[in-house]
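Working notes for the structure below.
Only the coordinates and a few stated rules stand behind these numbers; no lab work does. Being a predicted model, the structure only gives us computed values, none of them experimental. Here the Cβ positions follow ideal geometry from the backbone for every residue, glycine too, while neighbour counts run over all protein chains shown.
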Amino acid sequence: MWSTAAQGANAGVPTGEMQLRPCAPSRPAIPDRREGERSRTPSRQLLSARGIDALEPPKHHGNMGHTDLPGSPDRHEPWRELFGRGSASEILPRLIQGDRLELWPRCVERITTRCHLIDVERLYYRAVARIAYAGPKYRGRPAFDEFLKGRIDESLDELMREDQEEERRGTPPEPGESARFRFLNEVLGMEMSVTRGAVVRFNVLDEEVRQTFFALVVEMKRFNRYLAEGNGPPDKVRGQLRMAFEAIGASYDEWRARGGDGL
């Protein structure tokens, strides 16, 4: 079951530099946040088209105790066992089986740290492909955690460039591809036809603007709490939020009127 998804994630390797052509946003109706949305875990809804399962790896990852490798894993240098023999296509199932390197939570961490709107499952499979390809050349430097983080960041940047190029060309999504961007439809009520463009425009915003959006919209922090954490002044934060909403093509005023900032 893993091969189809993994092959799809590997389809864009390697990818060249791409350019962005913004498209005109639409103004969707925003669901009322006061009608029970706060009871859900918002980052799960935004991080994956699979919604509530976003922070859980796909079921076909299996059990960590079942691998095709002999002996016990080396906890200090797991890369020797994983990358020690075979081609990238042989290494790939070792990485997926049981997610023994915890690549799924690592992908979630990089998305939330960098504050980009990228489907976590899509990033996971691309990162697995990248790591399987680079693994046989790895010799212990840089530190293994840094090696993994680098491949995940490389994959994230690559996926964003692909989205930019598809949007620039006006390429319609393949069947099922629009699910990558379903989180904006479900959380902000946006039409599926404009969600890819919204994601592309958001992901090129300044980091501080993205961080504010993630804190107040994705993580659903209350406005006053966000200010108390050392962010502000209030007018600056609201200006950043308005900038993010304008880039996405959603109405900040409507989101705020429906209790979006928690006031």
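Towards the positive end of the charge dipole of region 114-210, with charges on Cβ (+1 Lys, Arg; -1 Asp, Glu), say which of Tyr124, Phe144, Thr171 has the farthest Cα.
Phe144
Taking every pair of alpha-carbon atoms in region 82-172, give the share separated by more than 14 Å as a whole percent. Don't skip to the end; give the middle numbers.
Values: 2657 of 4095 pairs.
I get 65 percent for the Cα pairs in region 82-172 exceeding 14 Å.
Suppose the chain between Arg85 and Asn224 were pulled fully straight at 0.36 nm per residue; how much longer would it get relative to their current alpha carbon spacing? Mind dumping the intermediate values first?
Details: separation 139, 0.36 × 139 = 50.04 nm, distance 5.40 nm.
Going from the current span to full extension adds 44.6 nm.
Cut-off under 20 Å on the C-alpha distance; same-chain residues fewer than 8 positions from Lys137 excluded. Which aspartates and glutamates are left, in chain and number order?
Of all the aspartates and glutamates, those that pass the test against Lys137 - Cα under 20 Å, at least 8 places apart if same chain - are Asp74, Glu77, Glu81, Glu90, Asp145, Glu146, Asp153, Glu154.
Residue-wise, which Karplus ³J(HN,Hα) couplings in Hz belong to region 217-228, taking 6.51 cos²θ - 1.76 cosθ + 1.60, θ = phi - 60°, and x for glycine or proline?
Listing the rounded values in order: 9, 6, 7, 6, 5, 6, 4, 5, 5, 4, 5, 5 Hz.
When you count, for each residue, the other Cβ atoms within 10 Å and take the mean per peptide, how do 224-231, 164-171 rank with the highest first?
Numbers: 224-231: 13.1, 164-171: 15.4.
Highest to lowest by the protection proxy: 164-171, 224-231.
5 Å is the cut-off here: which amide hydrogens, built 1.01 Å from N in the peptide plane, fall below it relative to Lys221, excluding neighbours closer than 5 in sequence?
So Lys221 has HN proximity to Leu216.
What is the Rg over Rh value, at two decimals, for region 158-263, using alpha-carbon atoms and the Kirkwood definition of Rh? Provide the component values of the computation, followed by the final result.
Numbers: Rg = 14.6 Å, Rh = 14.6 Å.
Taking Rh as the inverse mean 1/r over Cα pairs, Rg/Rh reads 1.00.
Please report, in debye to the nearest 20, how large the charge dipole of region 90-153 is about its Cα centre when each Lys and Arg carries +1 at its beta carbon and each Asp and Glu carries -1 there. Let's see the in-between values first.
Details: 13 positive and 9 negative charges, 59 e Å.
Its charge dipole is roughly 280 debye.
Starting at the first residue of region 105-118, write each ³J(HN,Hα) from the Karplus equation 6.51 cos²θ - 1.76 cosθ + 1.60 with θ = phi - 60°, in whole Hz, x for Gly and Pro.
Once rounded to whole Hz, the list reads x, 5, 5, 4, 5, 5, 5, 6, 6, 7, 6, 10, 8, 9.
Compute the separation of the alpha-carbon centres of region 193-214 and region 146-173 and state it in Å as a whole number.
14 Å
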